[in-house]
Structure formats: structure tokens, C-alpha cells
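J.: My questions all concern the structure below.
The values are calculated or read from the model by the stated rules, or taken from the named source; none is laboratory data. Just so it is clear, the structure is predicted and the values come from calculations on it, not from any experiment. Neighbour counts run over all protein chains shown; Cβ positions are idealised from the backbone, glycine included. In case anyone asks, the SASA skips ligands and DNA or RNA and just uses the protein heavy atoms, side chains included. Shrake-Rupley method; radii C 1.70, N 1.55, O 1.52, S 1.80 Å.
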Amino acid sequence: MAKEISATAGDDSERPRIFLSPLPRVYLDFVGKKIIAFSDTLYSLAAFALITLVVMFKKSRHAHLVVHPLIRSEIMRAGIRLLPMTGFLGLALGLVIIGQTVFLLNRIGVQNYTGTIMVTVVVRELGPMIAALLVLARAGTAIVIELGTSRALGEVEALEALGIDPVHFFVVPRVIGLALSIFSLTMYLILIALLSGYLFAFLQDVPLHPSDYFNQLANALTWQDFALLALKTSLFGGIIAVVTCFQGLAQPLRIDDVAAATTRAVAHSVVACVLLDAAFIVIYLVI
Amino acid sequence: MVDASISPAQSGRAAEVENVHWRIHPETFWVVGGVFGSGRSDLMATAAGLQRPARGVVKIFGDETFAIGEEMLVEHRRRIGLVFSNGGRLFNRLTIAENIALPIRYHRNWTEAEAEEPVRAILELTELLPFATQTPGMLSPNWQQRAALARALILQPEVLLLDKPLLGLDFRHQRWTLDFLSRLSAGGALYDGKKVTIVATTDNLQAWRAVGQQFALLKGKRWKELGGRAGLEASGALLNDVWADDI
């Protein structure tokens with residue numbers, strides 16, 4: 001909140017105020033400023049995403065011996081290193097949700113809906129979202145901190161002075177790396193979740209033959225599920241990478257601004273992923 | 001620069017230097033003096049094509065900086081080496097060798113093996129070979145500044161811009177830097193005898209007296225050319241006035 005040193009009407013003198021009010025003086029001003037700031041951020045983010053997309057295609061063959069190792073290291077950080085945690089979450093998802101769902105469905109005699117519910121809940125919704133949030137927490141925050149620190153220390157200007165495009169060097173590898181990582185981790189998580197779900201059901205003596213379980217899953221899955229899953233997870237990765245890179249790079253930062261930029265990036269990424277998820281729900285309903 | 005006004009990188013602030021008329025001829029050695037806040041760093045950034053002037057025209061190799069396409073601008077930037085002050089803005093996650101190799105690997109699409117020879121040559125020339133596998137954070141500011149110089153030279157630029165290259169260096173590294181730049185200006189082994197055009201900024205013009213060829217001063221938002229070494233000697237009172245104001 002900007003400091004205001006101004007004379008206020010109604011004061012008995014023209015002395016400036018020296019204490020800040022804890023509440024906004026005019027609520028409409030406050031809300032209006034927030035909306036304008038949000039619109040500005042959205043506009044800048046869209047422009048940044050567009051620039052990234054153009055650079056990604058325009059310079060796809062340029063300096064690939066430098067950029068491709070960066071993509072691989074990003075896949076290592078956001079994908080391979082997260083396999084143990086993803087496996088753990090897949091196990092938990094399977095035991096906690098799938099196992100109980102199968103058990104309850106069996107109790108009310110509608111176990112033939114198992115496949116449909118698993119596909120809807122795990123394959124379409126929880127799997128991609130959990131993988132995306134995991135990557136955001138582990139890799140997304142690291143990206144903001146790295147790039148924010150680079151920005152604050154002037155490394156971006158140093159790259160420009162060397163004739164190296166900062167978007168091509170910093171952003172493109174992260175976008176590609178995160179998109180591939182979230183897609184792969186989602187497949188892995190879904191597989192682990194479905195297997196561990198059946199394991200839980202088996203331990204509960206649910207009369208569900210493995211072939212029945214997997215046949216139900218196979219019957220409930222369509223080619224659109226695979227296509228939309230691939231698209232959704234890639235977009236999650238792209239969104240998280242663009243938002244985190246934007247918060248780290250796009251605006252001048254000081255070192256002490258990096259923490260605030262990190263929390264902003266996480267919040268914006270979560271909102272963007274949820275909105276994208278909602279858009280895909282509409283697509284699933286239509287197809 | 002033609003009638004240029006140099007503004008700070010942060011937009012919205014008033015110009016730091018106005019009415020700059022400056023032509024840098026090839027193979028010259030310019031030293032620009034000024035106190036803190038006089039606009040030296042922004043002058044270098046504008047000359048390198050990183051910043052727009054608030055007013056006027058800035059041309060690099062005959063082309064107006066922001067009127068040419070991105071590809072041409074990148075080509076021109078490759079012909080200019082810019083060394084930042086205060087540690088040179090090295091990339092902290094890369095080793096010294098990787099920092100130096102990055103420009104040549106990026107622009108020529110080389111592997112590390114292909115870049116090893118020229119990088120090793122620069123490391124030996126700048127006495128940085130023992131530090132090749134260390135990251136910038138492990139080095140003292142003296143060696144960081146030298147690594148920044150090495151990184152700027154890897155593409156063998158025709159013009160070398162140095163922003164306060166002696167700032168924070170101890171006496172030994174200052175002498176080395178001055179001697180090295182003098183040899184570059186005269187045509188050193190690195191460039192097969194070709195002379196490099198050098199522009200350096202400083203807060204102490206006298207330290208460059210024996211090395212520079214052309215001198216200029218930034219004072220009170222104005223650009224003043226002092227001429228050659230004779231002009232620098234003749235402007236003694238003016239320089240005393242500048243530093244006295246700073247104190």
C-alpha cells in the first residue's frame with residue numbers, strides 16, 4: 001500500500017497524515033486496483049507465453065548442443081528425481097481412495113462401475129492434478145528462486161550482452177522439460193494408483209477378479225482419454241513453467257523480492273491449473 | 001552516439017547524461033571518467049545496444065541500434081564484448097570454464113570438446129587455468145573480474161567495453177588488467193596482432209594516464225571530451241573539481 005502523505009479533509013489543520021491506516025480508505029479503490037493489477041499480470045503473462053512459444057519454434061534448431069542438455073537436466077530434476085515421491089503418492093492414492101471406492105461399490109452391488117469411476121477420478125482428474133502440484137512444489141519453486149536470483153544479480157543482461165536470448169536459454173528448456181516430466185509422472189502415478197487400489201481391495205477380500213478389474217478399466221478408457229490426458233498434462237507443465245519463469249524473469253527483481261515472487265508464482269500456477277482442469281471437464285462432458 | 005541522452009535502465013527516471021556526441025573510431029582506447037551516479041554504467045549499456053537512449057541516435061557499426069532486426073542486433077553484439085563491474089555478472093551455476101565457453105558454444109553450436117581448445121587458450125592467457133572447474137562463488141572478486149574479461153574475449157570481439165574494470169581490485173590485479181588491456185590495444189597474441197578498440201569507465205582517470213589514448217568526463221549530466229594524454233594533463237583543475245564535488 002503506497003504511503004500517502006496528504007492533507008485530509010476534515011482535519012482541523014493542513015498537517016499531513018503520518019500514520020498509515022490499517023484498512024484501505026476506499027474499498028472500491030482497493031478492489032479496483034487489485035483488478036487492474038490482475039489484468040496487467042494476465043496480459044503480461046499471455047505476452048510472455050506467446051514470446052516463449054515463438055522462440056521455441058523459431059530457434060528449435062539453434063544451439064541445440066547447448067539447449068538440449070538443459071532440457072535433459074530439467075527432465076532429471078522435475079521428472080526422474082520425483083519418481084520416488086510420485087510412487088509414494090500413487091500408492092497412497094490407490095490405497096486411500098481407489099481401495100475404499102472399490103470396497104464401497106462392492107458393498108452396494110455396483111462394482112461394475114469400478115472402471116468408469118477409476119477412469120473419471122484417477123485418470124482424468126486426480127492423477128494429472130497431483131502430478132502437477134508435486135512438480136510445482138518441487139521444481140516450480142526452484143525455478144522461481146533460480147531465475148529470480150539470476151535476474152536480481154544481472155545475469156539476464158549479461159546473457160543479452162553475449163548475444164544469447166534469455167528466453168531461449170532459460171525458459172524454453174524449462175517449458176519442454178516440465179511438460180514432458182508432468183506427462184510421464186502422471187502415467188507413472190496413475191499406473192501405481194490403479195495397481196495399489198486393486199491391492200487394497202484384494203486385501204479387503206473384495207470379490208473382484210483381476211481380469212474383471214482391468215477389463216472394466218479398459219472398457220471405460222477411450223482413445224480420447226489418452227489424447228486429452230497427454231494434452232492436459234503437457235499444458236499443466238507448460239503453464240507451470242511459463243508462470244514460474246515469468247515471476248522469476250520478466251520483471252526487475254531485487255534479492256529480497258525473490259521470496260514474494262515464489263509465493264506469487266505458486267498461487268498463480270495453482271489457479272491456472274485449476275482453471276485449465278475446469279476447461280477440460282467441459283471438454284469431457286462434450287465429447 | 002549523436003545527440004544522445006543516456007537514461008538509467010529503470011524507466012521513468014530523468015536522463016543521467018545529455019547531449020552526448022561521441023564517435024568511437026576503430027583501434028582507439030577511450031577512458032571515460034565520472035563519479036558515482038554520473039551515468040557510466042548506463043553509458044556502457046547504451047553503447048553496447050542493451051538500452052535505448054532517452055533521446056538521440058545510437059549506432060553500432062553504422063546501424064541504428066533499435067531500428068535493425070533482432071538477428072542483426074545479435075550479430076553486432078557478438079562483435080562487442082561487455083565486461084560488467086562488481087564481479088562481472090558471471091553465471092553462478094556454471095564453472096569458470098563453462099562461463100567462458102558458453103558464448104562460443106551457443107553461437108557456433110559446439111560441444112564441450114570442440115570448445116575446449118579456445119577456452120583453454122583464454123584461461124592460460126588470463127592465468128585462470130587453476131580456477132577452471134570452480135564456480136564464481138568460490139573465487140575472490142579479483143579473479144571473478146578477470147573471468148568476466150575472459151568470457152567477453154572468447155568470441156574475439158572487435159570492441160571491448162569495460163565498466164569500471166578496476167573497481168574493487170587490489171593493486172596487483174589492477175596492474176595486470178591495465179597491462180593486459182594495453183597489450184590488447186596494441187595488438188596482442190590473442191587477436192593475431194589485430195588491435196582491439198577499447199572503452200573503459202573509471203572513477204580515477206589518472207590511473208589510466210599511461211594506457212588510454214582518448215579521455216572523456218561525465219560531470220553534471222554533461223559529456224566532455226578531454227582529448228588525448230595532453231588534454232588529460234591540461235584538465236587537472238577540472239578533474240580536481242569533479243572529485244572534490246564527490247567528497
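J.: I need the phi-derived Karplus couplings for region A:219-232: 6.51 cos²θ - 1.76 cosθ + 1.60, θ = phi - 60°, integer Hz, Gly and Pro marked x.
T.: 5, 7, 8, 10, 5, 5, 4, 5, 5, 5, 5, 4, 5, 4
J.: Enumerate the lysines that B:K194 could reach by cross-link, defined here as Cα to Cα under 30 Å, with residues fewer than 8 away along the same chain left out.
T.: Within reach: B:K59, B:K164, B:K224.
J.: Please work out how much accessible surface A:I108 shows to a 1.4 Å probe, ignoring ligands, DNA and RNA, in Å² rounded to 10.
T.: Surface accessible to solvent at A:I108 totals approximately 120 Å².
J.: So if a site counts as exposed when it's one of the GluC sites (Glu not before Pro), its DSSP state isn't H, G, I, E or B, and it has at most 14 other Cβ atoms within 10 Å, what's the longest stretch of chain A without one?
T.: A:15-287
J.: Once amide H atoms are built 1.01 Å from N in the peptide plane, which residues 5 or more positions from B:V31, or in another chain, come under 5 Å H to H?
T.: Result for B:V31 returns B:A200, B:Q213, B:Q214, B:F215, B:A216.
J.: While we're looking at this one, here's another question. What do you get for trypsin sites (Lys or Arg not before Pro) in region B:161-202 restricted to DSSP loop and a cutoff of at most 16 other Cβ within 10 Å of the site's Cβ?
T.: B:K194, B:K195
J.: Which aspartates and glutamates, if any, have their Cα less than 19 Å from the Cα of A:K232, not counting same-chain residues under 8 positions apart?
T.: Output for A:K232: A:E125, A:D277.
J.: Now for a separate question. Once you have the Cα-Cα distance between A:L275 and A:A142, take 0.36 nm times their residue separation minus that, and quote the gain in nm to one decimal.
T.: My answer for the length gained is 45.6 nm.
J.: Another question about this same structure. Provide the per-residue ³J(HN,Hα) series for region B:82-89, in order, calculated from phi with Karplus coefficients 6.51, -1.76, 1.60 and θ = phi - 60°, each as a whole number of Hz, with x at glycine and proline positions.
T.: Couplings: 10, 10, 7, 8, 6, x, x, 6 Hz.
J.: Work out the charge dipole of the protein assembly as shown with +1 on the Cβ of Lys and Arg and -1 on the Cβ of Asp and Glu about the Cα centre, then indicate which of B:V58, B:L125, A:G115 is farthest towards its positive end.
T.: Toward the positive end, the furthest listed residue is B:L125.
J.: What size of dipole, in debye to the nearest 20, comes out for the protein assembly as shown about its Cα centre when the only charges are +1 on Lys and Arg C-beta atoms and -1 on Asp and Glu C-beta atoms?
T.: For this selection, approximately 120 debye.
J.: Turning to a different aspect of this structure: What list of ³J(HN,Hα) values in whole Hz, one per residue of region A:258-263 in order, does the Karplus curve 6.51 cos²θ - 1.76 cosθ + 1.60 (θ = phi - 60°) give from phi, with Gly and Pro shown as x?
T.: For region A:258-263, the Karplus curve yields 5, 4, 5, 5, 5, 5 Hz.
J.: For B:I154, A:I176, A:I145, give the ranking by accessible area with the largest first, probe 1.4 Å.
T.: Final ranking, largest accessible area leading: A:I145, A:I176, B:I154.
J.: Same structure, new question: Let's test the formula: R0 of 25 Å, r as the Cβ-Cβ distance of A:R107 and A:D212. What FRET efficiency results, to the nearest 0.05?
T.: 0.90
J.: Roughly how much accessible area, to the nearest 100 Å², goes out of reach of solvent when B and A pair up, both sides summed, probe 1.4 Å?
T.: Using a 1.4 Å probe on protein heavy atoms, the buried area is about 2100 Å².
J.: Over chain A, what is the relative contact order in whole percent, taking alpha-carbon pairs under 8 Å and six or more residues apart?
T.: Computed over chain A, the figure is 28 percent.
J.: Modelling each spin label as a point 7 Å along the Cα-to-Cβ direction, I'd like the A:S73/B:F61 distance in nm, to one decimal.
T.: Once both label points are built, they end up 2.9 nm from each other.
J.: Right, here's the next one. Below 8 Å, C-alpha to C-alpha, sequence gap of six or more: please give me the relative contact order for region B:114-226 in percent.
T.: Normalised by residue count, the contact order of region B:114-226 is 20 percent.
J.: Say R0 is 35 Å: what FRET efficiency, to the nearest 0.05, do B:A210 and B:M72 get from their beta-carbon distance?
T.: 0.40
J.: Okay, next question. Quick check: pseudo-label points 7 Å beyond the Cα along Cα→Cβ at A:D225 and A:S39, how many nm apart are they?
T.: It is 4.3 nm.
J.: First compute the accessible area of the protein assembly as shown with a 1.4 Å probe, then give the percent of it belonging to carbon and sulfur atoms.
T.: Using a 1.4 Å probe with all protein chains present, the protein assembly as shown comes out at 61 percent carbon and sulfur.
J.: If I fit a long axis through the Cα atoms of helix A:83-93 and take the longest principal axis of the Cα atoms of chain A, what angle between them do I get, 0 to 90°, rounded to 10?
T.: Between the helix axis and the principal axis of chain A, the angle is about 60 degrees.
J.: Can you give me the long-range amide H partners of B:G56? Hydrogens built in the peptide plane at 1.01 Å from N, cutoff under 5 Å, separation of 5 or more residues or another chain.
T.: Amide H neighbours of B:G56: B:S5.
J.: For chain A, which longest stretch is free of loop sites, where a loop site is one of the trypsin sites (Lys or Arg not before Pro) that DSSP puts outside H, G, I, E and B and that has at most 14 other Cβ atoms within 10 Å?
T.: Answer from the scan: A:62-253.
J.: Still on this structure: List the relative contact order of region B:17-166 as a percent without decimals, with contacts defined as Cα pairs under 8 Å and 6+ residues apart.
T.: Relative CO of region B:17-166 lands at 30 percent.
J.: Just from its helices, what would the mean residue ellipticity at 222 nm be for chain A, if runs of 4 or more DSSP H residues each count -39500 (n - 2.57) and the sum is divided by every residue, rounded to the nearest 500 deg cm²/dmol?
T.: -22500 deg cm²/dmol
J.: Keeping all protein chains in place and using 1.4 angstrom, which order do A:D257, A:D225, B:D192 fall into by accessible surface area, from largest down?
T.: Of A:D257, A:D225, B:D192, the descending order of accessible area is B:D192, A:D257, A:D225.
J.: Can you show me the helix-derived [θ] at 222 nm for chain B, built from DSSP H runs with n ≥ 4 at -39,500 (n - 2.57) apiece and divided by the number of residues, rounded to the nearest 500.
T.: Helix-only estimate at 222 nm: -11000 deg cm²/dmol.
J.: Which parts of region B:135-152 would a label at B:N92 reach, counting a residue when its backbone N lies under 16 Å from a point 7 Å out along Cα-to-Cβ?
T.: Label zone hits: B:135-141, B:144-145.
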